[in-house]
Each structure stands twice: as structure tokens, then as C-alpha cells.
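I have placed the structure first, in the form of C-alpha cells, so that the comments after it can refer back to it.
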There are 2 protein chains.
Amino acid sequence: MISWNNLDTLNSYKELEKINKVSVKEVMSGEEGAKRAKEYVVPMAEGMSYNYAAKAVNEEVLQGLEKLAKEAALTEKFEALYNGEVINTGEKRLVLHQLTRGQLGNDVVAEGVNKRKFYTGEQKKIADFANKVHKGEITNAKGEKFTTVVQIGIGGSDLGPRAIYLALENWAKKTGNFKMEAKFISNVDPDDAAAVLASVDVAHSIFVLVSKSGTTLETLTNESFVKDALKNAGLDASKHMIAVTSETSPLAKSSDYLAAFFMDDYIGGRFSSCSAVGGAILSLAFGPDVFARFLAGAAEEDKLATNSNLRKNPAMLDALIGVYERNVLGYDCTAVLPYSQALSRFPAHLQQADMESNGKSVNRFGEPVNYKTGPVIFGEPGTNGQHSFYQLLHQGTDIIPLQFIGFKNSQIGTDVNIQGSTSQQKLCANVAAQIVAFACGKDDENNNKKFEGNRPSSIIIGDQLTPESMGALLSHFENKIMFQGFVWNVNSFDQEGVQLGKVLAKKVLAHETDGALKVYSDLLNI
Amino acid sequence: MISWNNLDTLNSYKELEKINKVSVKEVMSGEEGAKRAKEYVVPMAEGMSYNYAAKAVNEEVLQGLEKLAKEAALTEKFEALYNGEVINTGEKRLVLHQLTRGQLGNDVVAEGVNKRKFYTGEQKKIADFANKVHKGEITNAKGEKFTTVVQIGIGGSDLGPRAIYLALENWAKKTGNFKMEAKFISNVDPDDAAAVLASVDVAHSIFVLVSKSGTTLETLTNESFVKDALKNAGLDASKHMIAVTSETSPLAKSSDYLAAFFMDDYIGGRFSSCSAVGGAILSLAFGPDVFARFLAGAAEEDKLATNSNLRKNPAMLDALIGVYERNVLGYDCTAVLPYSQALSRFPAHLQQADMESNGKSVNRFGEPVNYKTGPVIFGEPGTNGQHSFYQLLHQGTDIIPLQFIGFKNSQIGTDVNIQGSTSQQKLCANVAAQIVAFACGKDDENNNKKFEGNRPSSIIIGDQLTPESMGALLSHFENKIMFQGFVWNVNSFDQEGVQLGKVLAKKVLAHETDGALKVYSDLLNI
């Protein structure tokens, strides 16, 4: 029987607080630094690795984290999750997103359905559909091929699929796997839908409407927006639209859609990129084989997360170091800094995945916790960030832990040699330099030019950003977030904090307001 | 004579710390909340307003902030700045970005040049050049019109101009002011330049190379990348490229460019959107008249910032409330949340403008300060953010002050009526609802559905996002950052924190490394 306890009740946590703090500056200097950079490494899937040499940990802290992992029963909790226990207790739901890409444990049967078979069945349906679209067997009313796919969805139905599409777009073009351009409509701001629609050829566009419940107001509004545009172009909207939803939703069996593909309540929105939510658009854009490769990378990384040996479990180790930074060292934010332009929107996806999962003040039993939980997550690609907010990261009054990501090779392969090095070498040289600059700093007689150092960072290094490594990256961070939620004893899989705004917005639209809300409604001309 | 003192030496600051804290929840409830929402408002330029009703201030705190503004001599310091004193003391430079859009005080003459005349002269040169491009008087070698403009620049040469381009693109298309599409190459990642080049018709593209010093390695590398592409297409690069730089830079008089437009050392990169850095690309994309309207909006807002009456100076008030939140209330981040898809990259620009300016640990004399300075800035457009990280903002363990921006009208004007309201009304209803949800919260027997409230926010409300209101917004935040820098007694106009990474990256590329840096270089295959 697993017991769920608050972090501050664990003996291992109390011990951890007492361990002497590590000076990153000290341990990353000289030969010790070189030794750590070689040895503080955990292999990941697809030849990638998680390097935590520049984190504020040493053997003693790591042993403390091992004890914490054991006392918090992280491996057992993950086992319970993937074997189908009701881990999302608030909503009384299983948590099965890993099952979309592999099966780590027992068969999971819910409502009489083998869920692995259900998810792979939907993948098969999507693959068949996408192949028919690519072959010109499913076309517009004139029998012409679709050339563009447009996702209509918000939050988890937008950020993850969009980040992954952008991550693989250039790779797909380079490798001959590019089938269709993808676009995204998310915001209820009418200018979002209008601008996207103006940028595509609607007669040759297929739209993917994504809403698990089938009731997301922003998404249904944008669906109407798109339907109007299709009608105005003299087109039959039902021949241009597919739905991704749950089987019980009003969208599931509607004749408004060419086809419907299903997910279920056991896949949270922010964890849905590997379900039909990401599957439909990514299979249409890049082909089902590429999507399958992406899933395979995620599945391979998931397996590493089952390892109870912390030193061999990159997601669990990353998670525990993060908890140590948040709760023992008292750092409030984490910056995600991919040295890869293709990952430009991956930080925005992780911002949702992390902050919506662990931005909670009550434990899984609804009791207030007395410690900090999820940090603020933000980030932009390096080297752009270097010319932007890195000033504060280097010399500001707060220490912000950093999560770098870098690849040895670019995706497109076109490059230029200037001052004796390629752009790709410059990119990689910059991330290497930043790790050491943040860790070791630099002394100077002029305080303004002095760098205190002692800014902790980790880096995930891969050969190239491919479907497999993208899948592995996604899995890594999803599992990191899950483990942190276990340690903080929060339910990482609900999001009650989004409800109040929805309720009040409905009141505003119904003109049922008073007090300040009425004044703001008037000021905004509603 | 102005005296520059640390915040914690000011009596008014010590008094401020002693004032009873305001419960946002209490004061925003009922009739008092309605009264505040109407009265805690400062007019801005272009009919906009800054509403701070939902901030943790009351009459007593505001009077405390007034004393602080006076004791810190904020108005006098701004006067000194716009009258041409050496405010960027570290680099011994004037700070003149406001002068690109208006003249607030005396003539500023440096090195024998009237700087207002210099900046407006460059604007005139750019306007003439852009008009000739639009009329087809300046063309490619075949005499064909240019259809696309591509900015090559990083940091301040990228984020601001890109954010403003995106902010006005749809407005320009709707109002007949759209002249050319603009694209941006910034990252040294070779996939950035390669992907942008693959997306444009290079034969009809004009490139704007932006580097004040003419030595920014990322930018020069990308220039070579572009020149290679032009050569490979059989084109003469010098007929497709203009430079924006300083008069003393190696780019200034080169025959490699069709034309060169100048800025100078008195315009910091992150404050350069109103100089030739933003002027060239925005004038080419939308026409010089639109750029002039943008400058006019910024100039109008600048004037408001000269007002020594805090209650009538939106930038100064926003700045001081921010300092109060950072130093007295102890909040570490600020989220910028525009309810406007067109402002999708404005938070990224403000992230640089703010964090690079005030992310400092030493005062303007190089002495370490004993208080927190610039916060972490992040944000995404609402309503997207609501379906992402708002969970943490509502129910997380840290309080994050919020800066909303909303407009009564959309830019494109196409809309759809669903469930009795338009998309624009839904957008506005959401931001109104969020302000009150964050402020007042909601009680619930179930702690998981409980909202503590007391989350402070402000909102800037405008009629529509136009060139003028975009200029005013930019000015507001630039001046806010400047005033905060004055209060913290830091030099907001240098960025020594970016140097160490550059130095170490050069060492890596020259293979002059040892220790951890050598190991990382090897791991990344450099």
C-alpha cells in the first residue's frame, strides 16, 4: 500500500535540509569540474544524455535525494499510475498518457475496455485517414487534395502539438517527410482566427477541431468562425473538418465532421500530445510513420523513468534536483533554454505542462501545504535569450536555475563558416560557455563586470532533434513533472484554478455582474 | 544637483515598509471595489488608461509612493536624462531613445551634433528610401519590385521590431497600409536563417542588417548566410541589402549595402525600436506614415511621463507600484498578459527590455545593493494563458503580480456571434473576469476549489491596437523600466552581464579551453 505524505513530513527531507550546501562555483572549477562534467551524466533515450554536473549537488546531496525518492515511493507511485490506479483523485480518473505510446505494466482495463488497445486503435484510424488524405483518396468536394491542416484548439490542444510541429517542420522538409503545412487557431480573440484564415487557402484546408469535452467555449467559437469562412467560400464545412474528442462528447457522432478520433478523460489536456490530440495534426502534417517514431522515442524514455535507481533515471533525478532547488535552496523560477530554434515554442508548452500541473497550494487530500510547490517556468531559445534576459540570469539579485537543451547537429544542414567555425559550432560553443559562465562566474575589480557565478544549470545533449528525440524530450519533462507532483503530494492532473475565471466571464457575458466586475465590463464595452 | 541614493537609504522607503498592507480581496469587494475600479485610473495617450484598482495600494500607500517619487527625484532624473546628461554612467553615454520620437526638453547636442535633428534626419532618409522601394524606384537588378523585407539582427534589433511588426500586421492589412511582408532572422542556429530563407523569394527580398557596433557575431554570421543564399541564386547581394548601424561602424560606408541608416551609442539596443533599428523595417513593411504615427503615439505618452504628479503619470505610478510589490511585498515575478493575439511577442520584448535593464546587483556606482532589483518578466496572450499557466497564478504557492492589456475593439473586425456574444466580447469578458477572480477569489468548502484571491493586477485599456496606441504602450513600459531603475539606483542602460558568455564562447571556438568547459565542448562535438 502506497502512502501519500506531504514533503515536510518526510525524514529524508528534513535530513536533506541539514546537508551542507554545495557551491557550484567551487565544484565546477578546475579538475573537479572536468570530472563532474564527465561523470554527472545519465543516459537518456536516442543517445541523448542528461548532464547535471553544474547543479548544486554532490555525493551527499545525491544520497539524500535517493533517500527522498525511496521514502516518497516515487517508483511505486509511478507503477500505480501506469498500472491504472486512480491517481487523479480529485476528478476520480486514471492517468494514462504514457499508455498512448507504450505499455509499461499490466493491461489497463477501464469500463471494460483495454485502454492500450483503444489508444492504438485510434492511432490506426488516424493513420488510415491521414494516408488517404495524402494519397488523394479523401479530398475536398472538387476531388482536389488538401494542402493545409489547421488545428482549432486551446491550451493542451494547442501548445504541445504546435511546439512539436514547429520542432519537426524543418526536419520533415529536409528528409522528405513533409506532407502538409499546419496552422493553429487558439485564442478567442477574433483576430487570431481571421488572420490564420486569411493566410490559408480554405478550399484546400482540412480543419481539426480538438475539444475533449466538446464544450470548450473558445474552441467552439473558433469552429463557428471557421464554418462561416467555409460557407462564405461556398464550401461544405462538413467536408473540411474532423473532430478529436471523447466518445461521450456532443462532437463524437456528429455529421458535421468527416471523421472523429477519440481520446478520453484519462488523458489530461497538457499531457495529450501523444494521443489523437497531437496524433491527428502531426500524422497529417508529417505522415503516420513520423508520428509513430515520435511515440517510439517517448516510449523508450518512459521506460527509463521506471528505474528505481535514481542515478539511472533522468526524469526522476531532474525532478528531485528541481525540488531541492525549490524547497531547500529557495529558488522560485526555472528557465528552459533550448539551443535550437526549432524548439522555439517548447518552453511555452512546458510552461503549461509544469505550471498547470504543479501550481497548487493543497495536497491531494485537499489540505493546504506548508511548502512551495511548482515554480514559474519561462524560456526562449538561445542564442536569442543571451541577447535578452540573460543579463538578469547572470547578474540579477535572484538565482534562477537553468535547463539547457542542445544538439550536436542542425536539422537542415545548411551552414556557413565564419571566423573559422560554422553556425552550428557557434551555437554549441555558446551553450557550453554559458554553463561554465553561470557556474563559475568571473572576478573583476569593477563590481559591474563581476560575475558571482554559482548559478546552477543542467543540459540535455542530443545528436539531432528528430521525431524520436522530440518524443524522448517530451516524455522526460512529462515524467519530471509527474515525479515532482508526487514529491509535493499534489494532484498534478487536475486544474481547478481555471474554473473561477470561466464562471465570472459567463456572468459578464450574461450581464449578471455588480461591483468592480460591472465597472470593468463597462470600461471594456461589453 | 541630483543625488543618486540606494533605495534602502531613503526615509520614504522606510516609512513605506511600515504602512499596513492592503488586502486586495477586501478593497476590491462590493461597493468599494466598484468605486476603486472607476477612480484608480490614470489617463494615457490615445484614449488609453492605466487602471490600478486591483493593486495592493490605498490612499496611504499612494501617499507613501508619492514621497518616494519625490525623495528619489524621479522627475528630475528623467529631466536630466532627456536634457542630455550622462545617465549611462558605466559606458559614459547619454540616453536618448525618447529623442527619436520627440523632444521633451532642451536641444541635446553631442559631438557638435543636434541629436534630435540627427534622428529625424535618419527617419527622413529611411522614409525616402522606403517610398522609393514602394514606388518601384529602388528595385532588384531586374527592375522588379521588392515584396519582402527580412531583418537580420538579434536581441534589441529583433525582439522589439518583431513584436511591433506582429502587433500591426493585421491592422495594416485591414486598413490598406500593408506594403511588404516582414521576416526576421536572429538566432545563430543555422536552421533559423535556412528556414526563413526557404520561406521567402530571395530575388524579391530586401535584407536589413542591424548591428550598432557592426561586430555582433551572430548577426554577421547570418549576414554571410544570407549572402551565400543570394549568390547561389545568382544575385548581387549588395543590391539586396541595407545596413542599420552607427556611423563609426565598419558597415557604415561599405559598398556591400544599397544604403546605410544610422543610430548611435545613445540608443540602447533594447530601447531602439523607435530609431532606425525599428524604423527601416517598419517603414518598409507599413510605409513611413505608419511609422510616424507610431512615433507620435510614443511621444504623446512620453510627455505624460514628465509629470511630477504621480497620480497623473501612468509610467511612474506603474513603476512605483512594481517596486512596492518587489521590495515591500516581496513578489519575485511579473506576468504581462495582453488580451490581444497581435501582442503575442510583446511580452518577449518586455522580457528583454525589463530584465536586461534592471537585472543588476550593483548600483550605478558599482556598489552591491542590499535589496531585490528587476523581477522575472514572462507572459503569453490571454485567453491562451488562461488555458495554460493561470492555474499557478490562481492557486500556486507564490503570488505573481499581473499586468493585463486589453482593447475594446479587434483589429480586423471580422467576428462571429455565439451564445449571444461576439468573440471580441468574450475576449474582453475574460480579462474583466480574471481581474476580479485574481483579486477577490472565491471561498469553497473543498479547498481544491477555493481561491484565496489577493492576487494584484493592473490593466491598460485602449480602444484598439493601432500604430499610435502601440507607440504609447512601448513608451509606457520603457519609461516604467527607466523609473524603476532610478528607484533601485541601478544603471538600466548597460548590460555587462552578457559579456562573460561571449568571452568563453570565443575560447571554445578557438579550442582554448580546459576543465569543465573543455568537457562540454567535447560533449557537444565542437
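For the residues A:296, A:233, A:252, the requirement of being surrounded by fewer than 24 Cβ atoms within 10 Å (Cβ to Cβ) and closer than 19 Å to residue A:82 by Cα singles out A:296. Condition check: under 27 Å from residue A:167 (Cα atoms) and assigned by TED's automatic domain parsing to the domain that holds residue A:489. Does residue A:447 satisfy that? When the stated conditions are applied, residue A:447 does not pass them. Among the residues of segment B:299-314, those identified as crowded, with 24+ Cβ neighbours inside 10 Å and either under 15 Å from residue B:80 (Cα atoms) or polar (S, T, N, Q) (or both) are B:302, B:305, B:313. Looking only at segment B:475-526, filter to residues that are at the interface with chain A (Cβ under 9 Å from one of its Cβ atoms), of a type in the set (Ser, Thr, Tyr) and assigned to a helix (DSSP H, G or I); which one of those is surrounded by the most Cβ atoms within 10 Å (Cβ to Cβ)? Out of the qualifying residues, it is B:520. Filter segment A:184-204 for residues that are touching a residue at least 12 places away in the same chain (Cβ under 8 Å), of a type in the set (A, V, I, L, M) and at the interface with chain B (Cβ under 10 Å from one of its Cβ atoms); which is nearest to residue A:220 (Cα to Cα)? For segment A:184-204, the residue satisfying everything is A:188.
Taking the listed residues A:239, A:179, the one that is surrounded by fewer than 16 Cβ atoms within 10 Å (Cβ to Cβ) and away from chain B (no Cβ under 14 Å) is A:239, with no other qualifying. When segment B:436-467 is filtered for residues that are in contact with a helix residue (DSSP H, G or I) (Cβ under 7 Å, 6 or more places away or on another chain), surrounded by fewer than 24 Cβ atoms within 10 Å (Cβ to Cβ) and part of a helix (DSSP H, G or I), the ones remaining, listed by number, are B:448, B:449.
Within segment B:87-120, the set of residues being among the polar types (S, T, N, Q) and farther than 26 Å from residue B:358 by Cα comprises B:106, B:114, B:120. Just checking, how many residues over segment B:67-94 are among the basic types (Lys, Arg), crowded, with 18+ Cβ neighbours inside 10 Å and touching a helix residue (DSSP H, G or I) at 6+ places or on another chain (Cβ under 7 Å)? Residues meeting the conditions: 1. In this structure, is residue B:174 outside any helix (DSSP H, G or I) and in the same structural domain as residue B:287 (by TED's automatic domain parsing)? No: the conditions fail for residue B:174. When segment B:1-38 is filtered for residues that are of a type in the set (S, T, N, Q) and either outside any helix (DSSP H, G or I) or more than 19 Å from residue B:64 (Cβ to Cβ) (or both), the ones remaining, listed by number, are B:3, B:5, B:6, B:20, B:23, B:29. The set of residues from segment B:201-230 being aliphatic (A, V, I, L, M) and not in a helix (DSSP H, G or I) comprises B:206, B:208, B:209, B:210. Residue B:301 passes every criterion in (1) over 19 Å from residue B:124 (Cα atoms); (2) part of a loop (DSSP other than H, G, I, E, B); (3) within 17 Å of the chain's Cα centre (by Cα) apart from (2).
Report yes if some residue within segment A:439-456 is at the interface with chain B (Cβ under 7 Å from one of its Cβ atoms), small (Gly, Ala, Ser) and either within 17 Å of residue B:518 (Cβ to Cβ) or out of contact with any Asp or Glu (no Cβ under 8 Å at 6 or more places or on another chain) (or both); otherwise report no.
no
When you look at residue A:472, is it closer than 29 Å to residue A:297 by Cβ, within 12 Å of chain B (Cβ to nearest Cβ) and crowded, with 24+ Cβ neighbours inside 10 Å, yes or no? Before you say what the answer is, go through the steps one by one.
Numbers: closer than 29 Å to residue A:297 by Cβ: yes; within 12 Å of chain B (Cβ to nearest Cβ): no; crowded, with 24+ Cβ neighbours inside 10 Å: yes.
No, not satisfied.
Considering (1) more than 21 Å from the chain's Cα centre (by Cα); (2) within 7 Å of chain B (Cβ to nearest Cβ), the lone condition that residue A:419 does not fulfil carries the number (2). Only residues that are facing another protein chain (nearest Cβ under 9 Å) and touching a Pro at 6+ places or on another chain (Cβ under 9 Å) were counted across segment B:321-348, and they come to 8. Within segment B:39-78, the set of residues being within 12 Å of chain A (Cβ to nearest Cβ) and either part of a loop (DSSP other than H, G, I, E, B) or closer than 16 Å to residue B:327 by Cβ (or both) comprises B:40, B:48, B:53, B:54. Taking every residue in segment B:492-517 that is under 30 Å from residue B:477 (Cα atoms) and pairing it with any residue that is at pLDDT 95 or above and surrounded by fewer than 17 Cβ atoms within 10 Å (Cβ to Cβ), at least 6 positions away or on another chain, the pairs with Cβ-Cβ distances below 8 Å are B:500/A:442. Taking the criterion of being in contact with a helix residue (DSSP H, G or I) (Cβ under 7 Å, 6 or more places away or on another chain) and in a helix (DSSP H, G or I), the residues of segment B:231-253 that qualify are B:231, B:237. Out of all the residues in segment A:198-215, which are within 24 Å of the chain's Cα centre (by Cα) and either buried (at least 24 other Cβ atoms within 10 Å of the Cβ) or not assigned by TED's automatic domain parsing to the domain that holds residue A:254 (or both)? Once the filter is applied, which keeps residues that are within 24 Å of the chain's Cα centre (by Cα) and either buried (at least 24 other Cβ atoms within 10 Å of the Cβ) or not assigned by TED's automatic domain parsing to the domain that holds residue A:254 (or both), segment A:198-215 yields A:207, A:208, A:209, A:210, A:211, A:212. Checked against the criterion of being away from every other protein chain (no Cβ under 13 Å) and more than 18 Å from residue B:196 (Cα to Cα), segment B:145-158 has at least one qualifying residue.
The values are calculated or read from the model by the stated rules, or taken from the named source; none is laboratory data. Treat the numbers as computed from the prediction; the structure is a model and nothing was measured. No Cβ is skipped: glycine too gets one built from the backbone with ideal geometry, and neighbour counts run over all protein chains shown.
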